[in-house]
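Written out below as structure tokens is the structure these notes cover.
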Amino acid sequence: MRLVAITVKQIAVIGTLITALIASTVAQAEYRLNFQDPVTEVARDIFGLHMLIFWICVVIFVVVFGFMFYSIFAHRKSKNYEASTFSHSTKVEIAWTVIPFIILVVMAIPATQVLIKMEDTTKSDLTIKITGFQWKWGYEYLDSDVSFYSTLSTPREQIDQFDASKAVPLGENYLLEVDKHLVVPSGRKVRALITANDVIHAWWIPAFGSKKDAIPGYINELWFNVDEGKEGLYRGQCAELCGKDHAFMPIVVEVVTGDQFDRWLAAGGKFDAQDIAAVSATNVDSEINISESAGELLGDVAESAAQAVPAALAQDAVSSEVSSDDTEQTDLSQDEEAISSEDDQDTGNATYTKDELMTKGEEVATRCIACHGAGGNGIPGVFPAITGSAVATGPIDEHIDIVMFGIEGTAMAAFAGQLNDEQLASVITFQRNSFGNNTGDVVLPSDIKAKRQ
Amino acid sequence: MSDAAAHDDHDHDHHMPSGFQRWFMSTNHKDIGTLYLIFSLTMLFIGGAMALVIRLELFQPGLQFIDPHFFNQMTTMHALIMVFGAVMPGFVGFANWMIPLMVGAPDMALPRMNNWSFWILPFAFSILLLSFFVPGGAPAAGWTLYAPLTIQGGMSVDMGIVAIHMMGISSIMGAINVIVTVLNMRAPGMTLMKMPMFVWTWLITAFLLIAVMPVFAGAVTMLLTDRHFGTAFFNPAGGGDPVLYQHIFWFFGHPEVYIMILPAFGIISHIIPTFSRKPLFGYSSMVFATGAIAFLSFIVWAHHMFTVGMPLQGELFFMYATMLISVPTGVKVFNWVTTMWRGSMTFETPMLYAIGVVFLFTLGGLSGLMLAITPADFQYHDTYFVVAHFHYVLFSGAVMAMMGGTFFWLPKWTGHMYNETLGKWHFWLTAIFFNVTFFPQHFLGLAGMPRRYADYPIQFTEFNQWSSIGAFGLGISQLLFVYIIVSTVRGGKKATAEVWDNPEGLEWTVPSPAPFHTFDEPPVIK
């Protein structure tokens, strides 16, 4: 009975699949058979090593199974082949123990050399701290004030296709686009210190040949030095299962020239107008926009961006001085939505209406619904609901505490460092007056400010 | 030996109970073996159905059918059920049926414990499967149950831990039974170095099981106390060490993969000589190679976790040790190929499976060698390249070896010949759809698709579609396997005692079907 049921169901499913394949309107980018084009020396070494081992394996495979298939072809009963009776040969057995061992030694030598090079994080020009969160990445440029979070910017409407009638076309960089890029210079040794805030993640940019686990309580190291002339966008994804949205926390690294990087860092993480023009191809991605013009795979980005750098840039004096004065900068590049822990606006003095807070709060609440669900219902036993919860309908003070400082030992992150006062106030207001809650409470940025002290 | 057979023949249904008493209270190694095999096949279908849910969702980018949390439950449960429910009990089933017949013993040494070790399993897996219905659903942190992600999970994680403890107890008891039987109940004259290869591989597997199942039990117990009793073995919030969990887990986990493949090597070592009409080449080197693999399996665990940030020296040690495993594994492959060499081969279904296993397992072994190369592993790690690799060794290694073993011994078990045409169809469908499913995953992994992803960037679409189509083909083909088994049990051409053309081994000296009691009088081996 059970088997019959499975048959019918499976036939139905495969029928659906075949129909879907024929009628498929899914955007398809060019596929690859091998590693992404390496842009660092280490990545090239790894690629070379990978191909060396691959071809050795292919040769072994062909030789061994050449013998086997010859035997299958020739030594068969249907050809009246008489079976021999031999059952051992010490010479042959020693040979096929020793020869593979020698092949292994041949493989191990270059592997060891590359590994030693990979693990040498000394003499770096720049250090960045990378922190994995459920489900975003945090970046801090040590020795400067620049730090920010980087979250997936692919719109939810593209991802959720449960209702086929509402499906929208997928963008070219579906699941490989973020709101803020990690910006690094080419031609310099960048060291990354990698850790995590909640569970284990792994930071990976295939074209750099860098992958390292981000483990809470640990600080791991990796380094990369992107070739000069390979400026552009490089994309990677989290590589260690980190819970529900593991597939939705990509990494985008924007490689710029050393000069551009220095100016960017000096300006507190902003490009000036000229640099924006220079790297414009790369900036398209920072807007949440499905009709992106950057419809290229990684290698192409690198080339086009490199060509786009105008020679005029070279004339600009390099500003190595770290300036915290934002007012002189023409702020064109960065998304206003970007979160910054350095936000020092005097939000406490402004006046806010509940409607303003609710509107703002709805935008910020995308961070909440990642776990607590679009309807605020959570996942029972794993992520608590917002709807009707004791927190969101109980004392305001506790609610603010939880949102700002998190709950230790759970997935609930501390948002005090990730959101500014206005964002925190509005999202808490939003939580208390939506998701089916209707407390009528209003939390003001000044309330948050008071808590910060 | 024919005396023993004749003797068995006339009293074979003297003490044969029926119904509830026969199946639930059985102490007969053949009946318990049958129960294990049925259980394993059932789990293969349950775990397989979960794989199809995964492949359905991955047919195209975007989320069409299931949300990512349920997707993670599917990948976790698929693996737990296949590893602990399908593959391990499957091999215990073969061990129960064949070890006493191969060593000329009347039964397993500890028959009541044998009954218990089987009957724990349905309860263990009921608990595991019921976890789908608790708040938050089934465990979703991957079969490796890495902390601290498991510390976040709902009560299903606790149910999973209880289930793991139960199946661990079952495995350890099964292993003790195999060791005691093999060491004490061999027929007079059967020295250790005259034992059939399947018995050898299982003896070594049993020692591996006893060595590592308690380690796994310890790891999950520490997880349990971290979750509920405020300890902080692995919880970084209390100063615990998430990497420690991985070391302990893989100290169990690597021998575990050999637990799942060594008995398969044993089965292959019986099938190939039979259909090559030539003795197994290099018997003693086979035994030593198996022992060497078992030893090395204890010192390579950290190759599963090169990216956690180990010291350079550690990475080099685990790289070299891992590469070394390919030497004894290579010896085995060369021995099988040389056994075929200048034989007089025929290609009945079991032989097709054996050749398929040697070919495809070696492919998986070579991708394993690539994975051993640490710098390259940094790129392969946690991608579909790894998924492809371990399905080549686990499905086309372990599972296909069990399928081959089933066709090989089914006439002995049932007394009927299976339908050869259907058997060959099953082999070709399985082998082809398996490759359609998993070969493209190598490309996906190299191009950069991480594993355990509910959704993926669009450049991975085509190969995922191939993979999904292959998976459904592979799943449906297994219904043919069930049909062949059921129809062979019900009837078919009568099998002779030897079944095949002059096969070697005591199991072929008893009639087909093997009577309820065999070898009441031990045979004498010259």
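Considering all projection directions equally, how large on average is the shadow of the alpha-carbon convex hull of the stretch B:60-109, in square nanometres?
Values: hull surface 20.9 nm².
Convex hull of Cα atoms, orientation-averaged projection: 5.2 nm².
With a 10 Å Cβ neighbour count serving as the proxy for reagent exposure, in which order, fewest first, do A:His88, B:His381 appear?
Numbers: A:His88 15, B:His381 25.
Going from sparsest to densest Cβ surroundings: A:His88, B:His381.
When the Cα atoms of the stretch B:163-283 are enclosed in a convex hull and the volume is divided per residue, what value in Å³ results? Please list the in-between numbers first.
Values: hull volume 14.3 nm³, N = 121.
Hull volume normalised by residue count: 118 Å³.
Going by average Cβ density within 10 Å per residue, which order do the peptides B:465-475, B:195-205 take, highest to lowest? Walk me through the numbers before you get to the answer.
Numbers: B:465-475: 21.6, B:195-205: 24.9.
Those peptides, ordered most packed to least, come out B:195-205, B:465-475.
Only bridges with both residues in the protein assembly as shown count here: give the DSSP antiparallel percent, nearest 5.
Here the antiparallel bridges make up roughly 70 percent for the protein assembly as shown.
Please report, to two decimal places, log10 I(q)/I(0) for the stretch A:99-142 at q = 0.19 Å⁻¹ as given by the Debye formula with identical point scatterers on the Cα atoms and no solvent.
Computed log10 I(q)/I(0) values: -0.73.
Using the Cα atoms of the stretch B:236-377, I'd like the radius of gyration and the largest Cα-Cα distance, Dmax, both in angstrom.
Here Rg and the maximum Cα pair distance are 18.0, 66 Å.
Report D for the stretch A:56-127 in µm² per second (integer): Stokes-Einstein, Kirkwood Rh on Cα pairs, 25 °C, 0.890 mPa s. Walk me through the intermediate numbers first.
Values: Rh = 16.7 Å.
Reported coefficient: 147 µm²/s.
For the stretch B:283-346, compute the orientation-averaged projected area of the C-alpha convex hull (one quarter of its surface), in nm².
Working: hull surface 22.2 nm².
Orientation-averaged projected area of the Cα hull: 5.6 nm².
Report, to two decimal places, the Cα Rg of the stretch B:160-222 normalised by 2.2 N^0.38 Å (N = number of residues). Before the final figure, lay out each step's value.
Numbers: Rg = 14.3 Å, N = 63, 2.2 N^0.38 = 10.6 Å.
Cα-based Rg divided by the globular estimate yields 1.34.
Restricting to lysines 8 or more places apart or on different chains, can you count the pairs in chain B with Cα atoms under 26 Å from each other?
20
Report, to two decimal places, the Cα Rg of the stretch B:215-268 normalised by 2.2 N^0.38 Å (N = number of residues).
On the way: Rg = 15.0 Å, N = 54, 2.2 N^0.38 = 10.0 Å.
Taking the Cα Rg and dividing by 2.2 N^0.38 Å, one obtains 1.49.
What's the FRET efficiency of A:Ser84 with A:Val63 using the Cβ-Cβ distance as r and R₀ = 35 Å, to the nearest 0.05?
0.95
How many angstrom lie between the Cα centre of the stretch B:286-326 and the Cα centre of the stretch B:445-513?
Taking the Cα centre of each part, the stretch B:286-326 and the stretch B:445-513 sit 30 Å apart.
Where a ≥ b ≥ c are the square roots of the eigenvalues of the C-alpha gyration tensor, would you call the stretch A:17-176 rounded, which needs a/c under 1.5, or, failing that, prolate if a/b is larger than b/c, or oblate? Present the calculation step by step, with values, prior to reporting the outcome.
Numbers: a/c = 4.06, a/b = 1.51, b/c = 2.69.
The shape class here is oblate.
Rounded to a whole number, what is D in µm²/s for the stretch B:344-398 from Stokes-Einstein with the Kirkwood radius over alpha-carbon pairs (20 °C, 1.002 mPa s)? If you can, show how the numbers build up before the last one.
Numbers: Rh = 12.0 Å.
For these conditions, the coefficient is 178 µm²/s.
How crowded by other chains is A:103-114, given as the mean number of beta carbons from other chains within 10 Å of each beta carbon? Don't skip to the end; give the middle numbers.
Numbers: counts 5, 8, 2, 0, 7, 8, 0, 2, 10, 8, 1, 5.
Taking the mean over all residues of the peptide, I get 5.
Taking the mean number of other Cβ atoms within 10 Å as a proxy for protection, how do you rank B:276-283, B:207-214, A:115-122, A:421-428 from highest to lowest?
Values: B:276-283: 22.8, B:207-214: 19.9, A:115-122: 16.1, A:421-428: 26.0.
Ranked from most to least packed, the peptides come out as A:421-428, B:276-283, B:207-214, A:115-122.
P(r) for chain B: what percent of alpha-carbon pairs falls in each 20 Å bin, starting at zero?
Calculated P(r), rounded to whole percents: 22, 58, 19, 1.
Kirkwood Rh, the protein assembly as shown, all Cα pairs: how many Å?
Numbers: mean 1/r = 0.0330 Å⁻¹.
30.3 Å is the Kirkwood radius here.
For A:Lys166, A:Lys360, B:Lys332, A:Lys354, what ranking results if the residue with the fewest other Cβ atoms within 10 Å of its Cβ goes first? Don't jump to the answer; show the numbers that get you there.
On the way: A:Lys166 9, A:Lys360 18, B:Lys332 24, A:Lys354 15.
Sorted ascending by nearby Cβ count, the order is A:Lys166, A:Lys354, A:Lys360, B:Lys332.
Give the separation of the Cα centroids, the stretch B:379-426 to the stretch B:68-136, in Å.
Using only Cα atoms, the two centres lie 18 Å from each other.
What value, in deg cm²/dmol to 500, does the helix sum -39500 (n - 2.57) over DSSP H runs of n ≥ 4 give at 222 nm once divided by the residues of the protein assembly as shown?
Details: 33 runs with 519 residues, N = 979.
Estimated from H runs of four or more residues: -17500 deg cm²/dmol.
For the stretch B:57-197, restrict the atom set to alpha-carbon positions and state the Rg and Dmax in Å.
That works out to 19.5, 65 Å for Rg and Dmax.
Highest first, please rank the peptides B:63-73, B:498-508 by the mean number of other Cβ atoms sitting within 10 Å of their residues. List each step's numbers first, then the result.
Numbers: B:63-73: 19.6, B:498-508: 16.8.
Descending packing order for the listed peptides: B:63-73, B:498-508.
Please list the non-local residues whose amide H lies under 5 Å from the amide H of A:Lys212, H modeled 1.01 Å from N, same-chain partners needing a gap of 5 or more.
Amide H neighbours of A:Lys212, under 5 Å, 5+ apart: A:Trp203.
Over all pairs of distinct alpha carbons, what does the Kirkwood formula give as the hydrodynamic radius of the stretch A:127-246, in Å?
Details: mean 1/r = 0.0647 Å⁻¹.
Value: 15.5 Å, from the Cα pair sum.
Could you pull out the pairs from A:Lys123/A:Lys451; A:Lys166/A:Lys244; A:Lys244/A:Lys360; A:Lys136/A:Lys189; A:Lys129/A:Lys449; A:Lys180/A:Lys212 whose alpha carbons sit more than 30 Å apart here? All intermediate terms of the calculation are to be shown ahead of the outcome.
On the way: A:Lys123/A:Lys451 42 Å; A:Lys166/A:Lys244 23 Å; A:Lys244/A:Lys360 26 Å; A:Lys136/A:Lys189 25 Å; A:Lys129/A:Lys449 27 Å; A:Lys180/A:Lys212 21 Å.
The answer is A:Lys123/A:Lys451.
Rg/Rh for the stretch B:338-461 to two decimals, with Rh computed the Kirkwood way over all alpha-carbon pairs. Mind showing how you got there, number by number?
On the way: Rg = 17.5 Å, Rh = 16.1 Å.
Radius of gyration relative to Kirkwood radius: 1.08.
Quick note: the coordinates plus some simple rules give every number you see, no bench work behind them. Here the structure is a predicted model, which is why all the values come from computation and not from measurement. Here the Cβ is made from the backbone with ideal geometry for all residues, glycine too, and neighbour counts use every protein chain on show.
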